[in-house]
Structures are given as structure tokens and as C-alpha cells.
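Only the coordinates and a few stated rules stand behind these numbers; no lab work does. Since the structure is predicted, the reported quantities are computational estimates derived from the model, not experimental observations. Counting neighbours? That spans all protein chains shown, and the Cβs are built from the backbone with ideal geometry, glycine included.
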Amino acid sequence: MEALLEPVAQFFGPTWPLVWTLVKIVAILAPLMTCVAYMTYAERKVIGAMQVRKGPNVVGPLGLLQPIADALKLLFKEVIVPSGASKGLYIIGPILALAPSLAAWAVVPFDDGLVLADINAGLLFILAILSLEIYGVIIAGWASNSKYAFVGAMRATAQMVSYEVSMGFALICVLLVSASLNLTDIVTSQGTGRFHDMGLSFLSWNWLPLLPMFVVYLVSGIAETNRAPFDVVEGEAEVVAGHMVEYSGMAFALFFLAEYANMILVSILTSILFLGGWLSPVGFLPDGFHWLAAKTAAILFVFLWVRATFPRFRYDQVMRLGWKVFIPVTLVWVVVVAVWMMSPLSIWK
Amino acid sequence: MEFKTFVFYLFAAILVFAALRVITARNPVHAALHLVLAFFTAGGIWLLLQAEFLAIVLVMTYVGAVMVLFLFVVMMLDINLDRLREGFWGYLPVGALIGILLVVEMAIVLGGRYFGLDAMPTPAAAAEGYSNTRELGMVLYTEYVYPFELASLVLLVAMVAAVTLTLRKRKGVKYIDPADQVAVKRDGRVELVSMPAEKE
């Protein structure tokens, strides 16, 4: 590989590291965007099946070209800027919504050593970048100069700030037991322990000892991405579509892409933090990227399943769940895990 | 010019511009958003100093939480800028005095012989496997554990005080407790009565 790249590196000279990083970024984002497009297709098919409908089945074989048709349709639509909107911010809003959900992929490891930026503080970086996501929604809601959009943005702010706290505490438990902020180390630390030696690795992953945190993280993840049943932000029956109400064409599509990219990000993070990443669930099968992909796909399916099953929470109930249920549970569990680690019963030594 | 130097000057320029816009922007929301940009860029500059933990925590708390709530409030206020500017000339002497004091203080500190390249040599390059976060945690929980806990206590007192100041129980409001509503079971609401069919 190195020898093959040598002439190319010489051609670019001192700009080669920049070019090579850009190539790697494209190598991550291009498949991601394809996944996002087909996630919309999967969502419609899965929900269709759960509601005994067919879902998209006209464009192409089995409706497989539907996402492309949708993208083309949105591309050719006009982007309307409402009069009285704060124009600069109105354009920046959707871009700010999408950018963090793509930037976070820089530290996501796909396999042992297969990561764009293998930094020490990977988990902190993810937390920081995810906390930026909210700005796209707020700015869009304010800049649209519309009451519905504004109310949607206010809801989004309160909801995302609340659930970030419990998500953060869940992550604290994970980094307590793995003693590292590096995502690769977090995965490898899950591949040790008594059950791993017995060939039953899936029992030594973080989800079992940290089961309440796993549940809290997954549910908070659904709330963070504003997916049903926590989608009071768009709540079409109450605030039409929240912050997106004034957007059309590609500007709207960016919000859409951001939502699905976030879903995939939360799923892959859940697989990395709690489900052992690329580690194989049983001893006799080799580790590899396919395991990470399978786990992520399974969690994404849960996202769709939940959406098709539960009705939307009312807003005050969403807030209650975040502040009065999740935060006490996580606070207690952080202490429990810390004491557990210090006690002779610790399983992480 | 080294690439790092270039990045530093780029970030510094953005930081100065954003900071200036915070105080010159006419629209308070634009000012708050420029403050967000300033925090973010400052985080970037700290990263150049290899203080990744502090940089990321700055972004997480100030950008991710504090400024969000700030924007939340600023967006809902109806701020009349002309009324805010009414007393400008009256306050100018006081403001200018404080400004000059700040400049003098900074000049004393930065120009003094205890601060500077010769007084503080460049720290040695970090060893392999050095983790800023781990080092900081080690120091905070061993050497500085009492000041650290004291600081957290001060914050807790402030938090409790803020809550008690704004807490008020109003009587006669039709407030519904979501916890009660969620806990409702079918048996609490529906009673099935078995009745024999009646003939006329």
C-alpha cells in the first residue's frame, strides 16, 4: 500500500497529507451518505411492513430507486426564503445542523486501527460535537421568523439539553469501566473478562454490567435525534413541522440528512460503547467490520420499530422522563459502578 | 511559516473578529451567536496548546449548554436597542476607566519579568501515551482534592439558592402532574360491571 502510494505522494508534494486526509474523509462520507439515503427507504419499507402496507415499490425494482428519485425531486425544488427572515442565518441553519453529525465520524473506529483520527479524548470530542448539533435547529427556528418554527426550536433546545445530561452520565459509566476516552480502547477493553475466555464474548461486553446505562443511552439517543416517540420538536399536529416549517427543497433535505446521519451515528456509538464494536459475539468466529455493521443495523431497526410502535410523548412527559427518571437513575448508577469497581467483586481488573 | 503558526493566526483573527462583533452587532441574537463562535475558536487555540481536555470541555459546557440557554432567553426578549443606548454618554467615563484599568493590569502582568518566553521556557514535548485528561484528573483528585471539592460545594450552594429563589407554589392552578398521569392504569379509570340482560 505504502509503495503504491509513493508516486502519488511525490506528485502532490507538501500538500500530500492534506490530500490524503481528504481522500479518507470522502471514503467515510460517501458510504455514509448512501446509507442515509437507503435508511429512508428502509424506514418506509419497515414501517410499511409493520402497518401491513407495501411501502415504496414503484420506482425501480422493489422501489430501490426511490431515495434517488426523492433526492432529485428535492434538488430541483426552489429554496424559498421567507420575507422577514434573517437571510444569512436562514441559510446557515441547515448547514450547521448537518455539519456536526458528519464531523463526529472523524473519531469513530470501524475496525482495530481503522479510524480517521485516533485521538486520546475521542469520547469527549463526540460529546462536544453532538452538543453543537442544537445550533442548527435553534438558528433555523429563529431565522425563519415564524411562530411555529420558533416554538419548535424552543422545544428542541430544552429537550436536547436535558437528554444530553443523562447521555453524558451514561458515558461516564462506560469510561469508568474501560478507563479510557479512546473509542478503540473502549472496544478492546470489552473483549476481556471471564465470559470472553469461555468463548461467550457477548456476555463480557458493556451492555450486561451496565444494563441500565445501555437502556438510558439508547432512549436518550432516540430523544437526542428527535425521533418518534420524542419528536415533539416537529410535532406536525401541534407545531406543523417545528424548525423546518419554512424550509423547502435542498435546505429541507439537509435537515432530513442530518436527522438520519445522527441516527446512524448514535447507533454506531451504541454498538461501540455497549455492544463490543467489531468484536465477534462468540469465540470461534473472527472479529471484523461486518460485526459492527450488523450491530449498527440492528439498533437502527430498533429506531424504526420504536417509531412504528409508540405514539408521540406529550411535551411535559418528555421533560419528566429526562429529568425525573433518567438523571436520578444515571446518578445512582455512576456511584454503584464506581463502588463496584473499588470493591473486591470488581470484574474489571 | 509552520502550519501550526498559520492555524494559530487564522484562529486568532477569527477570535478577534468574533469578539468585536459581540459588542458591535446591533442584533442581540447575532451578538450571542458571535460569542459562540468566539468560544469555539478559543477552544481551537487551546487545542493547539495540547490542552485537549480543557478545549473540549469549553466547547461542551459553554457552547453546548450555557450559550444555548443564553440564546433561548435572548431570542424571547424584545430588546429595544435605542432605549439601551440612552445612557451611553453618561456611562462612558466609568466604562473607559474600567477599560483603562484592565489594559494597565494586563500590561503589568504580560510585561513583567515573571511572564514571558525567558521566564517560562517551552515545556518539554509530551511523552508517548501522554493523556491530558488523565494527568488533569490525577492532579485534581489527589493534590487539589480539597479546593476542588470546595469549588463544587460553592456551586451547589449557588444552585440551591437559585432554585429556592425562583421556587413558588401557587394555589388554585389546574396543574397536572405528568408523573401521576403516566402512572395511570386501566383499572383506575374503567370499571367493568357485569349486568344481566333485562327484558321489558
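When chain A is treated as a GNM, springs tying every alpha-carbon pair under 10 Å, which of A:Ile134, A:Ile172, A:Ile25 comes out with the largest mean-square fluctuation?
Maximum among the listed residues: A:Ile25.
Once each part is reduced to its C-alpha centroid, what is the distance from the stretch A:262-317 to the stretch A:150-213 in angstrom?
Value for the Cα centre distance between the two parts: 12 Å.
Just tell me which lysines come within less than 29 Å, Cα to Cα, of A:Lys73; anything on the same chain fewer than 8 places away is out.
Straight-line reach from A:Lys73, under 29 Å: A:Lys45, A:Lys54, A:Lys87, A:Lys147.
State the Kirkwood hydrodynamic radius of the stretch A:112-216 in Å, one decimal place, computed from all pairs of distinct Cα atoms.
Computed over the stretch A:112-216, the radius equals 16.1 Å.
Any chance you could tell me what percent of the C-alpha pair distances in the protein assembly as shown go past 30 Å?
For the protein assembly as shown, the share of Cα pairs beyond 30 Å comes to 60 percent.
Given the pairs A:Lys324/B:Lys171; A:Lys324/A:Lys349; A:Lys24/A:Lys295, which are separated by over 31 angstrom at their Cα positions?
Over 31 Å apart, Cα to Cα: A:Lys324/A:Lys349.
Of the candidates B:Ala55, B:Ala158, B:Ala25, which one comes out as most mobile in a Gaussian network treatment of chain B with C-alpha springs shorter than 10 Å?
Looking only at B:Ala55, B:Ala158, B:Ala25, the largest GNM fluctuation is found for B:Ala158.
Would you mind ranking A:Lys295, B:Lys171, A:Lys73 so that the residue whose beta carbon has the fewest other beta carbons within 10 Å leads the list?
Fewest to most other Cβ atoms nearby, the residues stand as B:Lys171, A:Lys73, A:Lys295.
In what sequence do A:His196, A:His243, A:His290 fall when counting other Cβ within 10 Å, fewest first?
In order of increasing Cβ crowding within 10 Å: A:His290, A:His196, A:His243.
Where in chain B lies the longest segment free of chymotrypsin sites (Phe, Trp or Tyr not before Pro) that are both loop residues by DSSP (not H, G, I, E, B) and have at most 13 other Cβ atoms within 10 Å?
It works out to B:1-113.
Of the residues B:Val68, B:Val190, B:Val163, which exhibits the maximal mean-square fluctuation in a Gaussian network model of chain B defined by a 10 Å Cα contact cut-off?
In the Gaussian network model the winner is B:Val190.
Relative contact order for the stretch A:18-76 using alpha-carbon pairs under 8 Å, separation at least 6, rounded to a whole percent?
Answer for the stretch A:18-76 is 22 percent.
With a cap of 12 neighbouring Cβ atoms within 10 Å, and only residues DSSP puts in a loop, list the chymotrypsin sites (Phe, Trp or Tyr not before Pro) found in the stretch A:260-298.
In loop regions of the stretch A:260-298 (DSSP not H, G, I, E or B), the sparsely surrounded chymotrypsin sites (Phe, Trp or Tyr not before Pro) are A:Phe284.
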